[in-house]
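K.L.:
Take this structure first; my questions come after.
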Amino acid sequence: MLNLVDIHKYYNPGTVNESCLFKDFNLSIDEGEFVSVVGSNGSGKTSMLNLICGSIPLDSGKILINDIEITDMPEHIRAKRIGRVYQNPAMGTCPNMTILENMAMADNKNKPFHLGRGTNKKRINFYKETLSSLDLGLENKLNVTVGSLSGGQRQAMALLMSTMTPIEFLILDEHTAALDPKTADLIMKLTDKIVKEKKVTTIMVTHNLRYAVKYGDRLIMMHNGESIFDKSGEDKKASSIDDILKLFNEISIECGN
């Protein structure tokens, strides 16, 4: 379980541009939940992910995973328990390394570093089997550099690599936003498959309302650092794109957009 307790976050404190994004913000996410998060720009979606991952510090409050406080835990330590896929496909892989080397690097996450070969030849068949699940033919291109792949292929690899080792949370930060519609649909189907197979607790920030409604078992809409819509289970299934779009438009008009 993930708990955000009485979160406060200010930007540009002590300046004329000071702004408070989160004030007494609370959120609980149960183990195994797949949560879709939508909202306008500046609503706090990505900032919330950055606080969870430790990419930015909070000003006050607590963050707990399974009742263990991680508020002051460095980002690289949290990364042992959290997998993250970014909007930019280039951020989840190393472009100058081969597919094989990228897979080996992900496979070695949380393992001690020693002076030796980074690629274990005994694991090559495992990498091929894992890549074949993508149905992109990457298992036959192990010696190809990742930088020569398409954005969709790299994002599929990033998603696969982020979940190769046991993690407690999967963070998806608009991971289909930079892809064309057909490739984005492919990545979302793959996402759904991996989340269900791994049974990993997942938070997905997206601007695609169709994906938010179709995938996951909980839907949250954020606005000005607050959760203004939170539906799960049957209530979430009963929500339609029109319902979400209507609320989104009401907020936009209220804000003068």
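The values are calculated or read from the model by the stated rules, or taken from the named source; none is laboratory data. The model shown is predicted, which means the values in this text are computed figures rather than measured ones. Don't worry about glycine lacking a Cβ; one is built from the backbone with ideal geometry, like all the others, and counts go over all protein chains shown. Surface areas here come from the heavy atoms of the whole protein model, side chains and all, with no ligands, DNA or RNA. Shrake-Rupley method; radii C 1.70, N 1.55, O 1.52, S 1.80 Å.
K.L.:
Among the candidates 108, 50, single out the residue that is closer than 30 Å to residue 31 by Cα, modelled with pLDDT under 90 and either open to solvent by less than 40 Å² (accessible area, probe 1.4 Å) or not aliphatic (A, V, I, L, M) (or both).
P.N.:
On the way: 50 fails: modelled with pLDDT under 90.
So the residue among 108, 50 that is closer than 30 Å to residue 31 by Cα, modelled with pLDDT under 90 and either open to solvent by less than 40 Å² (accessible area, probe 1.4 Å) or not aliphatic (A, V, I, L, M) (or both) is 108.
K.L.:
If you scan region 11-34, which residues turn out to be among the acidic types (Asp, Glu) and either open to solvent by less than 40 Å² (accessible area, probe 1.4 Å) or without any contact (Cβ under 8 Å) to a residue 12 or more places away in the chain (or both)? Working first, answer last.
P.N.:
Of all residues in region 11-34, those among the acidic types (Asp, Glu) come to 18, 24, 30-31, 33.
Correct list: 18, 33.
K.L.:
Would you say residue 84 is of a type in the set (Lys, Arg) and free of Cβ contacts under 8 Å to residues at least 60 places away in the same chain?
P.N.:
Values: of a type in the set (Lys, Arg): yes; free of Cβ contacts under 8 Å to residues at least 60 places away in the same chain: no.
No; evaluated as a whole, the condition is false for this residue.
K.L.:
Does region 94-103 include one or more residues that are in contact with an Asp or Glu (Cβ under 9 Å, 6 or more places away or on another chain), under 23 Å from residue 32 (Cα atoms) and either assigned to a loop (DSSP other than H, G, I, E, B) or free of Cβ contacts under 8 Å to residues at least 60 places away in the same chain (or both)?
P.N.:
The first filter runs over region 94-103 and keeps only residues in contact with an Asp or Glu (Cβ under 9 Å, 6 or more places away or on another chain), leaving 94, 99.
With under 23 Å from residue 32 (Cα atoms) added as a condition, the list becomes none.
Looking for residues that are in contact with an Asp or Glu (Cβ under 9 Å, 6 or more places away or on another chain), under 23 Å from residue 32 (Cα atoms) and either assigned to a loop (DSSP other than H, G, I, E, B) or free of Cβ contacts under 8 Å to residues at least 60 places away in the same chain (or both), one finds none in region 94-103, hence no.
K.L.:
Taking the residues in region 74-93 that are among the basic types (Lys, Arg) and not in a loop (DSSP other than H, G, I, E, B) as candidates, determine which candidate is least open to solvent (accessible area, probe 1.4 Å). Talk me through it step by step, then tell me what you get.
P.N.:
Just the residues of region 74-93 that are among the basic types (Lys, Arg), to begin with: 78, 80-81, 84.
Within this subset, residues satisfying the condition of being not in a loop (DSSP other than H, G, I, E, B) are 78, 84.
Values: 78: 11, 84: 37 Å².
Ranking the candidates gives 78 first.
K.L.:
Find the residue count for region 19-46, including only residues that are over 14 Å from residue 229 (Cα atoms), touching a Phe, Trp or Tyr at 6+ places or on another chain (Cβ under 8 Å) and at pLDDT 95 or above.
P.N.:
So the answer is 1.
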